[in-house]
Each structure stands twice: as C-alpha cells, then as structure tokens.
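Colleague: Before anything else, here's the structure in question.
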Amino acid sequence: MLRKTLLPFVAAVLCLTNADAQTDSAAKPVTPTSDSTVKAPPPVAITGSVDAYYRFNFSNPKTGYNNYTSFTNSQNSFELGMASIRGDHSFGKVSATVDLGFGRRAEEFSYNDGSHPTLFAVKQLYASYQATSAVKFTMGKWGTHIGYEVLDAFSNRNYSMDYMFSFGPFFHTGLKADVTLSGTTAFMVGVANPTDFSTTTSSTKVFIAQFSTGTKNGKLKAFLNYQGYGGVSEDVVSPTYTLYKSLNQFDLVVNATVSSKFGVGLNGTIQSVSSSTLDKSASWGGFAAYLNFDPSSTFGLTLRGEYFSDKNHVKIYSVDDGSGLSVFDLTLSALFHVGSNLTIIPELRLDNGSKDFFYKSDGTTTKSTVSGLLAAVYHF
C-alpha cells in the first residue's frame, strides 16, 4: 500500500518539474547569443524515513498502557511508527516543501484532521518567498517552533517523547516571516489557525513568535518561543481539543556543545490558560535536560530528565481522585549507528508521579512505573 501511495506522489513531482521547464521554454523563447543562457530548475530533493519499535511496561497493566506521552501507546507489541517521504524544491527566491507521513505516529500528530483523510497524512506543506537576503515569508503548515523534540524519530535521540512535547503544540498552519538580524541572531513572527488545526471554522487566530541567537562558533544556541491568543468568549470543547478563552505559552530551548563528544540540551516551557470550564486561570509547565555523549561515530548515549507539573489538571490528573499532579521521568537511550542511515535504539524509562498515576497488573494504582523499548530508525 505504501508503494502504491508514494509512487504517484514521486511521479507527480517529477512531471510537474518537467512541465515547469517546458512552460518556461514555450512562453519565453530565447534566441541563442554568445552571452545568453537558459538556467534549468534544479531537481527536487527527495528524503524520507521509517521507524518501528517494541515496548514493554514492566507493571504489565491490564488497564491502558501506563503511557501518557505521544507515539508509544502500546504494550508487549511490535508497532509501526511512521513512513515519511519529503520533497523540497527551490528556484531563485521561491521554494516549496511537501512532507507526507503514514502510520500511527502521523495520525497522532495530525489528530485534529481525522475527519479529513486527505489532510492527516500531510505533516508539512508550505511555500516560501525570499523577499530580501534577510526576510523570508512562508505560508502553509509546518512543525512547531516550540520545544526541544520534534515529530520525526530520526531527529530525536530518545525514541519515546517527553510530556512537554506530548501536550503541545505539534504544528501551525498560517503565515510567518523569518527575519535575520545578524549572522547568529534572528526572529520570527506569524499568525496561524488554532494550534494543531490544518483547517478550522474558528475565527480565532494564534500569534506565534521566536527570537534566536547564539555564539559565532555555533557551540551555544538559544531560542525563546511564544504562542498565544485571546478574545474567546467561552471555552470551545471538541473530543480532541479545547479552545480556551485565552492562552499564552513561553518556551526556551538551549543547545550547548561542550566538546566533540559531549553536548547538553535544555528546554523549559510554561502555558497559562483562562478557562470557563476550570472557572479560573490555570497553568502547566515543565523543564527537561538532555545529556548527550558520543564516544564514537557508531555509538552514543542520551540521558533525559524531565519534570512536568500540572497542579491545575489542565492536561493530566490522578487516576484516583482526578486532581492535578506532577511527574518526573528519566530516560536512558543508547544509539547504535549501523552505517550512516540505520540507528538501533534500546531505551529504559522511569516515570514517577506525585500521586497515583499508573496501573499495576492486579488493577491497583501506583505512583511509579518502568518501561523498556527497542526501536529501529532508518532515514535516507
């Protein structure tokens, strides 16, 4: 099925590229001279990835999976992650990207597009115009700028996701402008649909922004991110999403290269909402640190520690009394690189809640649980 789906896409891209060249040639015939040349459009760059995993929670719960983060909701089962195919093309000042994903990972990413089967597989789709050397405009759908982790498994060092990623946002659909201030400093501003909606009937729009800077040698980079909106008269609740009366989220990402073998990543986020359902202002947030060690080109280790707090039960709650809680999770992932394309990731994860948040095999609840995971990730 994947082959039948992807072949028409690749064929269509190739045909469109050829058609553009023929149209330009027919509309603007060039008389050969000694100093005139016809510049052909560059080819489309095609990349992609696949991933699969096996997960076992050692509590062996009979209720749920003891998993409250994205993309690994399974127990004692081999699972398909996602197959992706991406095409990038640029010519002069314009460029375009189409990024398609198939599988449960892509479905969970585009969870609001379930009623639109032609949209849920579109991870990203956007066109850009480089107005000047310092200003670029982009319109379409793209992965969020907020947070440290991203959708594609090959771009993360841990296979399982943290709580901050899982509670959003995932993507934005709208218009943004990227402005370069200097070689290492830039900002982005934009307006988008409500978070994680490719299409919507809501008139509410979300303001998004980012300020980024770093050292000249690239060893230290920092990103201050924002999304927010207001003016909604009351909560709009759907089975998968709540549009609150107002929302503001600030997020900070820092990447530091300590040496050729050791690096550190930091991420902190806080989101506050005004809700008619909660009848008060509420907030959730968290902080995560990533310690990355690569003793060789074929082996690496990443230790992630995250503290996630939701005392107002905006996103998570105790399974016993429904009140808010906090969670600490510690994840150790080993990365075995086979060639330049395949990575095998064995992973061990501990989740510990401030209240009962997980189930044991006998149906009783507990604060802590441990999971093991084995993933295979290939990209090209």
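The values are calculated or read from the model by the stated rules, or taken from the named source; none is laboratory data. From a predicted model like this one, the values you see are computed outputs, not experimental measurements. Cβ atoms come from the backbone with ideal geometry, glycine included; neighbour counts cover every protein chain shown. Accessible surface areas use protein heavy atoms only, side chains included; no ligands, DNA or RNA. Shrake-Rupley method; radii C 1.70, N 1.55, O 1.52, S 1.80 Å.
Colleague: Provide a single number: the residues in region 51-92 that are free of Cβ contacts under 8 Å to residues at least 40 places away in the same chain and either in contact with a Phe, Trp or Tyr (Cβ under 6 Å, 6 or more places away or on another chain) or open to solvent by less than 20 Å² (accessible area, probe 1.4 Å) (or both).
Modeller: Number of matching residues: 6.
Colleague: In region 192-207, what residues are open to solvent by less than 20 Å² (accessible area, probe 1.4 Å) and in contact with a Lys or Arg (Cβ under 7 Å, 6 or more places away or on another chain)?
Modeller: Ala192, the sole residue that qualifies.
Colleague: Considering each residue of region 112-147, count those that are open to solvent by 60 Å² or more (accessible area, probe 1.4 Å) and either closer than 29 Å to Arg304 by Cα or of a type in the set (Ser, Thr, Tyr) (or both), and give that number.
Modeller: Here the count works out to 5.
Colleague: Which of the residues spanning region 208-231 are open to solvent by 20 Å² or more (accessible area, probe 1.4 Å), out of contact with any Leu (no Cβ under 9 Å at 6 or more places or on another chain) and either more than 15 Å from Ser272 (Cα to Cα) or among the aliphatic types (A, V, I, L, M) (or both)?
Modeller: Thr215, Lys216, Asn217, Gly218, Lys219, Leu220, Lys221
Colleague: Tell me which of these Asp321 doesn't satisfy, since it passes every other one: (1) open to solvent by 50 Å² or more (accessible area, probe 1.4 Å); (2) part of a strand (DSSP E or B).
Modeller: For Asp321, the failing item is (2).
Colleague: It is to be established whether one or more residues within region 157-171 are within 20 Å of the chain's Cα centre (by Cα), aliphatic (A, V, I, L, M) and within 16 Å of Gln249 (Cα to Cα).
Modeller: yes
Colleague: Which of the following residues is modelled with pLDDT under 95, of a type in the set (A, V, I, L, M) and within 26 Å of Ala209 (Cβ to Cβ): Ala282, Ala288?
Modeller: Ala282
Colleague: Next up: Name the single residue that is modelled with the highest pLDDT among those in region 71-112 being acidic (Asp, Glu) and under 16 Å from the mean Cα position of the chain (by Cα).
Modeller: Applying the filter and picking the extreme gives Asp99.
Colleague: While we're here: Only residues that are open to solvent by 60 Å² or more (accessible area, probe 1.4 Å), more than 23 Å from the chain's Cα centre (by Cα) and either more than 24 Å from Val264 (Cα to Cα) or of a type in the set (A, V, I, L, M) (or both): list them for region 274-318, please.
Modeller: If the condition is that a residue be open to solvent by 60 Å² or more (accessible area, probe 1.4 Å), more than 23 Å from the chain's Cα centre (by Cα) and either more than 24 Å from Val264 (Cα to Cα) or of a type in the set (A, V, I, L, M) (or both), then Thr277, Asp279, Lys280, Ser281, Lys311, His313, Tyr317 are the ones that fit.
Colleague: Out of (1) under 14 Å from Tyr68 (Cα atoms); (2) not in a strand (DSSP E or B), what's the single condition that is false for Asn312?
Modeller: Of everything listed in (1) under 14 Å from Tyr68 (Cα atoms); (2) not in a strand (DSSP E or B), Asn312 misses just condition (1).
Colleague: Provide a single number: the residues in region 179-194 that are over 23 Å from Gly231 (Cα atoms), of a type outside the set (S, T, N, Q) and not in a strand (DSSP E or B).
Modeller: Looking only at that region, the number is 2.
Colleague: Taking into account only those residues within region 324-354 that are loosely packed, with under 14 Cβ neighbours inside 10 Å and not in a strand (DSSP E or B), which is modelled with the highest pLDDT?
Modeller: Asn341
Colleague: Restricted to region 195-221, and to residues that are more than 19 Å from Met139 (Cβ to Cβ) and assigned to a loop (DSSP other than H, G, I, E, B), which residue is modelled with the lowest pLDDT?
Modeller: Thr201
Colleague: Follow-up question, since we're still on this one. Can you pull out the residues in region 150-164 that are touching a residue at least 24 places away in the same chain (Cβ under 8 Å) and either open to solvent by 20 Å² or more (accessible area, probe 1.4 Å) or in a loop (DSSP other than H, G, I, E, B) (or both)?
Modeller: Passing the criteria: Leu151, Asp152, Phe154, Arg157, Asn158, Tyr159, Ser160, Met161, Asp162.
Colleague: Is it the case that Asn267 is under 22 Å from the mean Cα position of the chain (by Cα), open to solvent by 40 Å² or more (accessible area, probe 1.4 Å) and within 24 Å of Asn217 (Cβ to Cβ)?
Modeller: Spelling it out, it is not the case that Asn267 is under 22 Å from the mean Cα position of the chain (by Cα), open to solvent by 40 Å² or more (accessible area, probe 1.4 Å) and within 24 Å of Asn217 (Cβ to Cβ).
Colleague: I'd like to know if region 232-249 contains one or more residues that are open to solvent by less than 70 Å² (accessible area, probe 1.4 Å), of a type outside the set (D, E, K, R), more than 30 Å from Ser297 (Cα to Cα) and touching a helix residue (DSSP H, G or I) at 6+ places or on another chain (Cβ under 9 Å).
Modeller: Yes, because at least one residue in region 232-249 is open to solvent by less than 70 Å² (accessible area, probe 1.4 Å), of a type outside the set (D, E, K, R), more than 30 Å from Ser297 (Cα to Cα) and touching a helix residue (DSSP H, G or I) at 6+ places or on another chain (Cβ under 9 Å).
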